[in-house]
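Structure record follows, encoded as structure tokens.
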């Protein structure tokens, strides 16, 4: 298991946390929180900057315009529909730290400036959570230089207040950094990225199988009587990558994964295999999962990449599976669904091929089992 104590020493962990948040559908919420934090800090700094125009040539309207510009750029990065890249994240945290430092240095009153420097705690916490200790040292260097200048200004007239203020600010930053590190360590058991496909944040095959076994074994409701497995493969994905390159293909894979999360139920299990194949597993009260298959086809087709998909769908009684949740059973179900997917592709794509209650060699005969029924939709 890759615990925080280990991955911190491997350098920056922004990409892993990107996948971690995506797998739990928390990217949008995180973007909004970061964006509004940026806007909030900018809104606080703007009137203070404008009110000091009589003291420093760099503040006043010029400083206010700079605050608005920088805040707008950073907020726009986080308010977009796409998750920010690593470079954009580093840009925002460095620019934000510099903006806080400049705002504090512009203030003519040392005590007020030291109070404003408490905003450094925001960039400290973000850097600890999302980036490496190397970046934290850079951010800390900017903060330390700013605090040293502010402390010297106050030390000339009030040395005790200067020393006390700096000690308090350093303590606050160090405590927040430690608390963030501790939170990551406590959450370590859930933070293994071994089961997450790095790009999309969806489960890989091993983790998908584990989650499906848990899904099947935990169903105690009598009305959940059927297990549904869907293999979705994107049609003409190789053509998309040939036209838009690897980056375009990656954007499509991430977008399709996000749309699948929004389409299926919260209890459903979603995995991603290879370049263009997705797995969806869920339990139903009825045998026919066609409405779900239709929704998946529709959400993929409506994505802004002009892609369609071929779906192989298997619906089978849940009770026999509850007694046979081994890997062999899941392998057989995936194989059956994959073969059905190829049938849908041979038929022209952008459709599903459904197999209801197929006979499974790895499962004993059960009274609820029915003959194979195959149909395309």
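The values are calculated or read from the model by the stated rules, or taken from the named source; none is laboratory data. Everything numeric in this text was worked out from a predicted model, so none of it was measured. Here the Cβ is made from the backbone with ideal geometry for all residues, glycine too, and neighbour counts use every protein chain on show.
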So residue 222, is it modelled with pLDDT under 80 and outside any helix (DSSP H, G or I): yes
Qualifying residue in the stretch 244-252 (condition: within 15 Å of the chain's Cα centre (by Cα), surrounded by fewer than 21 Cβ atoms within 10 Å (Cβ to Cβ), modelled with pLDDT under 85 and over 15 Å from residue 303 (Cβ atoms)): no
Looking only at the stretch 77-87, and only at residues there that are at pLDDT below 90 and crowded, with 16+ Cβ neighbours inside 10 Å, the one that is farthest from residue 29 (Cα to Cα): 84
Options 148, 144: the member that is in a helix (DSSP H, G or I) and surrounded by 13 or more Cβ atoms within 10 Å (Cβ to Cβ): 144
The one condition in (1) crowded, with 17+ Cβ neighbours inside 10 Å; (2) part of a loop (DSSP other than H, G, I, E, B) that residue 348 fails to fulfil: (1)
Residue satisfying all of: in the stretch 12-44; modelled with pLDDT under 70 and within 17 Å of residue 126 (Cβ to Cβ); surrounded by the fewest Cβ atoms within 10 Å (Cβ to Cβ) among these: 15
